[in-house]
Amino acid sequence: MILSPSLLSANFGRLAQECQELEKAGVSWLHLDVIDGSFAPNITFGIPVIASLRKQCGLFFDAHLMIESPSRYVEDFARAGADLIVVHAEAETHLQRCLARIRELGCRAGVALNPSTDIAQLRWLIEDLDLVLLMSVNPGFSGQKFLPCAEQKIRAVRKLLDENGGARIPVQVDGGVCPENIGKLVQCGADVFVSGSAFFKFPPYDKRLVEFQQAADQGELRLAAQVCSEWKPRQA
């Protein structure tokens, strides 16, 4: 199990210190929710913030681009220090080309699907994919409740990937993840978990991380979980 705390729920007045405290707590990934106010209804942060944090932080940068036409900006996010760049299927016309370009830039490439988006297209993207992100809330604001239908979708995606040569591809879940439901989500087939308010509102971070890990009770690692646990920051 990998926990990727969402910076969107951190204290924006001390982002660098928050990142350093996450590192000290044993966190390995940082989820960067980039929202443009068009694809989703709020505006968060962008390339300058990521570039600044990259100079002060050794975490694996998990950049989730909730923006329109993300292919226009993937080079900038790679240059800023993102390690994994995830784009929404709903926002990109030429999805395969965008994923291939992300990989050419030396980053891991991921696709995100909104709760109502069908998973069938993933079958045709497996050769260009490093990760699938499933939204378990609608994109936008932190603190939303987990949508129960996401459990069935996680199972379906895991099955689709495994049956089409994608056993190595991890499934990430974003939205409403907490210690109370993470164990069930592991059983459904998820490997990486984004948590915002359910993580940052319960310091100290080292103890909260342990609570998530114990609740996950993952047992033997799936191939996909093992693969992504070995990913390291490009600029560490």
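So the values come out like this:
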item	result
Per-region count, the stretch 163-178, residues within 17 Å of the chain's Cα centre (by Cα) and not charged (D, E, K, R)	9
Selection status of S136, under 21 Å from F212 (Cβ atoms), surrounded by fewer than 22 Cβ atoms within 10 Å (Cβ to Cβ), of a type in the set (S, T, Y) and in contact (Cβ under 8 Å) with a residue 40 or more places away in the chain	no
Among (1) out of contact with any Cys (no Cβ under 7 Å at 6 or more places or on another chain); (2) in a helix (DSSP H, G or I) - the single one A190 does not satisfy	(2)
Total residues in the stretch 62-107, condition surrounded by fewer than 20 Cβ atoms within 10 Å (Cβ to Cβ) and touching a residue at least 60 places away in the same chain (Cβ under 8 Å)	1
Matching residues in the stretch 32-86 - criterion: being of a type in the set (F, W, Y) and not in a helix (DSSP H, G or I)	F39, F45, F60, F61, Y73
Single condition F199 does not satisfy, out of (1) out of contact with any Cys (no Cβ under 9 Å at 6 or more places or on another chain); (2) of a type in the set (F, W, Y); (3) not in a loop (DSSP other than H, G, I, E, B)	(1)
Check on R168, modelled with pLDDT of 95 or more and outside any loop (DSSP other than H, G, I, E, B)	no
Residues of the stretch 192-207 satisfying the condition of being under 17 Å from G175 (Cα atoms), surrounded by 13 or more Cβ atoms within 10 Å (Cβ to Cβ) and touching a residue at least 24 places away in the same chain (Cβ under 8 Å)	V192, F193, V194, S195, G196, S197, F199, F200
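The values are calculated or read from the model by the stated rules, or taken from the named source; none is laboratory data. Predicted model, so just to flag it, every value in this text is computed and none were measured. Positions of Cβ are generated from backbone atoms using ideal geometry, with glycine treated the same way; all protein chains shown enter the neighbour counts.
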